[in-house]
1. Write down the accessible area per residue of the chain in Å², having rolled a 1.4 Å probe over the full set of protein chains.
2. Would you please report the Å³ per residue occupied by the convex hull of the alpha carbon atoms in the stretch 314-383?
3. Where nothing but the Cβ of Lys and Arg (+1) and of Asp and Glu (-1) is charged, how large is the charge dipole of the chain around its Cα centre, in debye to the nearest 20?
4. What is the ratio of the Cα radius of gyration of the stretch 43-102 to 2.2 N^0.38 Å, where N is its residue count, to two decimals?
5. Put +1 on the Cβ of every Lys and Arg and -1 on every Asp and Glu Cβ in the stretch 314-383; which of Leu338, Tyr319, Ile356 then has its Cα farthest towards the positive end of the dipole?
6. Could you work out the per residue convex hull volume over the alpha carbons of the stretch 3-313, in cubic angstrom?
7. Whole Å is fine, so just give me how far the alpha carbon centre of the stretch 210-245 lies from that of the stretch 77-99.
8. Have a look at the stretch 61-173 and give its Rg and Dmax from the Cα atoms, expressed in angstrom.
Amino acid sequence: MSPQSLAAYACAPQRTRGRRHTEAAPGDRSEYQRDRDRIVHCAAFRRLEYKTQVFVNHEGDLFRTRLTHSLEVAQIARTIARSLALDEDLAEAIALAHDLGHTPFGHAGQDALNSSMRSHDPAGEGFEHNAQSLRVVDELEDKYAEFRGLNLTFETREGILKHCSERRALNLGEIGQRFLKRQQPGLEAQLANVADEIAYNNHDVDDGLRAGLLSIDALCEVPLFARHHAEVIAHYGKLTPKQLRHETIRRMINALVGDLTENSRVQLQNAAPKNVDEVRAQPKPLIGFSETMQHENRELKRFLRERLYQHHLVYRMTYKAQGVVRALFEALFADVRLMPPEFFIQAQAAEQHNGISGRARVVADYIAGMTDRYAIDEHERLFDPRRLR
Ligand code: MG
């Protein structure tokens, strides 16, 4: 989108707050296109292909992974950004990067890593995937000659850091300020956050049905699903299960995106921010669903939490995954020489500088960077005496 057609309250690339290390202008690309390209070319992005969304990667080839999830979020985010005359490239960059800090095995892995870190380093910050996503783009990607990380713009980094404790915010400089001042991020960050939710609620319905963990009958307890399911039946009569599932879900996504766009448009008109600073100073986010849709969306989330995320089979996999992550942390933290040499050296340096917290952080970085299959393999390499390498 050309800069002229952006709304006054959009994050325009030519008005970026800039990068931590000054660089020459990106030439034919905008600053946010450059951010997006750097994210797509980084190793952490490629690893998303083998990281769990809900189903562990080896459970089936057709389930969402963190990578396909991120692509769906980006696609929804671009649509909303374009409708509201916001910067599409920025919304896309944030969406593609938002899950870079996820551990193997999704939230199960994160919870295990967090509790392991806290038990060995009670005074430390623990592990949080959102903060880790920022750490990946700020520190851990290490392939540019002139800086560590990807040296992204302030606006992309602000979007990646969706939430943050006050304690952590104090150590983050400029990017942590909004959590201390209770301000909002830019609109592109706000919409990427809701696009994430729209994407996972809907693809989890899809994957849950395909895995046989959810049924259409049960889903019809959820008003948002029931309404669109009835509409599809009334319109087409008999369909195959695959068609029925897809036709219902695509209508749900449309309804959510449409409501979000319309309601946000009204909120933007009412608040009439003249620029991004006025967006940031608002008491609440300006991007959001109408009250009715918010309620329906909450019902869908509650259903998924009770029937899918706590489903016996998912729960059992969660238990196993947490065991793998916990065992890896215990062993590697107790003896950092068990990690590959580059991490061992980093852990030693970090411990000299920052004590136990430094060591715990490097072990967490190593584990968080693993894909599901790498973590399972590393677990075998460490604990199965028959494995040599
Ligand atoms: Mg996500």
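1. Working: 18510 Å² over 389 residues.
Ligands and nucleic acids excluded, the figure is 48 Å² per residue.
2. Working: hull volume 5.7 nm³, N = 70.
Here the figure is 82 Å³ per residue.
3. 240
4. Details: Rg = 12.6 Å, N = 60, 2.2 N^0.38 = 10.4 Å.
In units of the 2.2 N^0.38 Å rule of thumb, it is 1.21.
5. Most positive-ward Cα: Tyr319.
6. Details: hull volume 47.4 nm³, N = 311.
That works out to 152 Å³ per residue.
7. 30
8. Every Cα atom of the stretch 61-173 included, Rg and Dmax give 15.6, 48 Å.
The values are calculated or read from the model by the stated rules, or taken from the named source; none is laboratory data. No experiment lies behind these values; they were computed from the predicted model shown. Quick reminder, even Gly has a Cβ in these numbers, built from the backbone with ideal geometry, and neighbours come from all protein chains shown. The accessibility values were calculated without ligands, DNA or RNA, using every heavy atom of the protein model including side chains. Shrake-Rupley method; radii C 1.70, N 1.55, O 1.52, S 1.80 Å.
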